[in-house]
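Engineer: Please see the structure below; I have some questions.
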């Protein structure tokens, strides 16, 4: 499904970060979770896939379509990649109401020009329980409401890959569980593949067909999580994750242990 082998240097000479990433996911992988310490390169991976970050060198392919290849001078524009992206900070357009934000991926102006667009927008808003917010402006919404609007916008454009950066972090626990299960159902029904960044063991349990474990600017290992470790409750997943990433004493490095325990 995904084949990435890229390198990117960011920052200054005195304070540089090097992303040296090799991520290969099989064709039968419908959903992969990217897990690891903050600052290990997970969000940079999503940005490179979406066309929002240009690697210094390497290649990226999605479903046998080449998105980037430095040796050939190929860099497909973000608008042509058909990738839905739900940003961690939501990135809603402040001058558009909720319905127009969701419609933006369907019509570039964000204007309802057809009944089909209006119907599709309202279907997604209704699914996420925010149909009553259609005429509201982003500045008037809570963090959880903004997150659901961003998710609706990512789904509405019928992408061939969905990128989710901490998709449920701003939702209350009851809503988080419902939306998590419903989103997994949508992915399974539609066959839409997804990459999910999370620090929540419950997300790993629900979404990880493959688990890509990050450390220090790259992927330390990729595990067939669903096949080998699926069906565990969140507490057992947490115990598993604490022993997964190379680090001190064969377990997670201390920043990751702290972040995982904080959400457990």
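Engineer: Which condition breaks for residue 199 when tested against (1) part of a loop (DSSP other than H, G, I, E, B); (2) modelled with pLDDT under 75; (3) under 20 Å from residue 165 (Cα atoms)?
Structural biologist: For residue 199, the exception is condition (2).
Engineer: When you scan segment 184-194, do you find a residue that is assigned to a loop (DSSP other than H, G, I, E, B) and in contact with a strand residue (DSSP E or B) (Cβ under 9 Å, 6 or more places away or on another chain), even just one?
Structural biologist: So far as segment 184-194 goes, yes, one or more of its residues are assigned to a loop (DSSP other than H, G, I, E, B) and in contact with a strand residue (DSSP E or B) (Cβ under 9 Å, 6 or more places away or on another chain).
Engineer: Now, a different point. Out of the residues in segment 11-60 meeting the condition of being part of a strand (DSSP E or B) and without any contact (Cβ under 8 Å) to a residue 24 or more places away in the chain, tell me which one is farthest from residue 242 (Cα to Cα).
Structural biologist: 11
Engineer: Just for segment 154-173: of the residues that are in a helix (DSSP H, G or I) and in contact (Cβ under 8 Å) with a residue 60 or more places away in the chain, which one is farthest from residue 96 (Cα to Cα)?
Structural biologist: 155
Engineer: Related question: Only one of these conditions is not met by residue 84: (1) surrounded by 13 or more Cβ atoms within 10 Å (Cβ to Cβ); (2) modelled with pLDDT under 95; (3) not in a strand (DSSP E or B). Which number is it?
Structural biologist: Going through (1) surrounded by 13 or more Cβ atoms within 10 Å (Cβ to Cβ); (2) modelled with pLDDT under 95; (3) not in a strand (DSSP E or B) one by one, residue 84 breaks only (3).
Engineer: Which numbered condition in (1) in contact with a helix residue (DSSP H, G or I) (Cβ under 7 Å, 6 or more places away or on another chain); (2) more than 12 Å from residue 102 (Cα to Cα) is the only one that residue 142 fails?
Structural biologist: (1)
Engineer: Among the candidates 173, 224, 201, which residue alone is crowded, with 20+ Cβ neighbours inside 10 Å and outside the structural domain of residue 124 (by TED's automatic domain parsing)?
Structural biologist: 201
Engineer: Would segment 129-149 turn up any residue that is within 30 Å of residue 1 (Cβ to Cβ), assigned to a loop (DSSP other than H, G, I, E, B) and within 18 Å of the chain's Cα centre (by Cα)?
Structural biologist: no
Engineer: Then there's this: Give the residues of segment 63-74 that are surrounded by fewer than 15 Cβ atoms within 10 Å (Cβ to Cβ) and in contact (Cβ under 8 Å) with a residue 24 or more places away in the chain, sorted by residue number.
Structural biologist: Passing the criteria: only 63.
The values are calculated or read from the model by the stated rules, or taken from the named source; none is laboratory data. Everything quoted here is computed from the prediction, not taken from an experiment. Don't worry about glycine lacking a Cβ; one is built from the backbone with ideal geometry, like all the others, and counts go over all protein chains shown.
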